[in-house]
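For reference, the structure is listed below as structure tokens.
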Amino acid sequence: MDDDQPMLPAYGRGCVTDLIPAILEPGDEIEGDDTSVAGILGPAVVDAPSVVVLVLDGLGWNQLQARAAVAPTLASMAGGPVTTVAPSTTATALTSISTGTAPGIHGVMGYRIDVDGEVLNALRWTTGRGDARQRIVPGEFQTEPAFLGQRPLVVTMAGFEGTGFTMAHLADVRHRGWHTLPGIAVNIRQAVASGEPFVYAYYDGIDKTAHVHGFAEHYDAELAACDRMVADLMMALPRGTAIVVTADHGIVDCLGHAVALAPEVERHVDRQSGEARFRWLHAEPGHHRDLLEAASEAHAETAWVRSVDQVVDEGWFGPVVTDAARSRLGDVAVVAKAQHYFLDSADAPRIELVGRHGSLTADEMLVPMLTFAS
């Protein structure tokens, strides 16, 4: 691809959206080339008596390839890279993984989503007025069934059960909570031993570490710990169990690359939503064209600037974007290139992060789809 062009999600051709349908509702034959999810999984995974899907939040393909020596188990697994969704952020990608649908269908359009003029923090399910679970009901906001309507066992952090985001993207599943990293492998092993045919597990330590520390020693230690957990699973799970390891997004080191919107852009902006690396600008009434022109001229070097119509027409959120999903977008998308990220004066207090994600660079968009079948 052209390095100066955004990497768009490969919906239906090799995207995290294809994972759960390929496992839970496979066709009579496993089709697809080696770069598609179906081709990567193959019969050895899909036909296994038990399948474990482990999502390691923040584990980008490029970051893993650069640290193969740190994670020898993961590096030795079969598989390859696939894309995540747009924006490359946890709330959107985890919903796409669990529902098997693109963002334009499920409507969780980012981390900070505009809902009738309020900005919903989708991970905390709060707005400026506090807890939004009663006002913005998770099961009405996101109506696509998790895991195609099945009720698998989900191994995730104990404190996540009952939160707004969990109710939005993991409704009706059976939860088993973990409190520490070793508990994930124990819970998975117990579930498979009890006869569970499909287990979904989630761990967020790599993402947290990269946000705070970037890609230095802490990151390598966290990745190595995850690698040991996967190795332990390979040894502990009964023969015939398949393991699939994937992620929701990669990460870019953005320390020192903050960008403030130019004053000539700000004058046309009513409010912002989205991520620091995928900003939605909401225009003042009647200023839509002026905002697009000003943002394109001021920030072309640091961002891909697109109108909402361009983004939808180019399929960033999938071939279908519902009216509900579109209503949650802004007027102009400012999507960071390289290591840049954009400030929002409404963010208070300002959060200083080293690692960030949300944009459409290869470092963020490419994630692993790794398999092991005993």
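The values are calculated or read from the model by the stated rules, or taken from the named source; none is laboratory data. What you see is a predicted model; the values in this text were computed from it and never measured. All Cβ positions, even for glycine, are placed from backbone atoms using ideal geometry, and neighbour counts span all protein chains on display.
Here are some notes:
- Some residue of segment 13-24 being farther than 25 Å from ARG151 by Cβ, modelled with pLDDT of 95 or more and within 20 Å of the chain's Cα centre (by Cα): yes
- Candidate set from segment 279-307 (those that are touching a Phe, Trp or Tyr at 6+ places or on another chain (Cβ under 9 Å) and in a strand (DSSP E or B)); member that is surrounded by the fewest Cβ atoms within 10 Å (Cβ to Cβ): ARG306
- Any hit, segment 224-233, residues being touching a helix residue (DSSP H, G or I) at 6+ places or on another chain (Cβ under 7 Å), surrounded by 17 or more Cβ atoms within 10 Å (Cβ to Cβ), at pLDDT 95 or above and not hydrophobic (A, V, I, L, M, F, W, C): yes
- You will find that of VAL70, VAL45, VAL51, the residue that is in contact with a strand residue (DSSP E or B) (Cβ under 7 Å, 6 or more places away or on another chain), at negative phi, touching a residue at least 12 places away in the same chain (Cβ under 8 Å) and not in a helix (DSSP H, G or I) is VAL51 and no other.
- Hits in segment 128-172 (condition: crowded, with 20+ Cβ neighbours inside 10 Å and β-branched (Val, Ile, Thr)): ILE136, VAL154, VAL155, THR156, THR166
- Condition broken by PRO263, with the remaining ones in (1) surrounded by fewer than 22 Cβ atoms within 10 Å (Cβ to Cβ); (2) touching a strand residue (DSSP E or B) at 6+ places or on another chain (Cβ under 7 Å) satisfied: (2)
- Counted residues, segment 168-177 - those being under 22 Å from ILE206 (Cβ atoms) and either of a type in the set (Val, Ile, Thr) or more than 21 Å from the chain's Cα centre (by Cα) (or both): 1
- Filter result for ASP4 (in a loop (DSSP other than H, G, I, E, B) and of a type in the set (Asp, Glu)): yes
- Looking across segment 190-223, the residues that are assigned to a helix (DSSP H, G or I), closer than 24 Å to VAL70 by Cβ and out of contact with any Phe, Trp or Tyr (no Cβ under 9 Å at 6 or more places or on another chain) come down to GLY205, ASP207, LYS208, HIS211, VAL212, GLU217, HIS218, TYR219, ASP220, ALA221, GLU222, LEU223.
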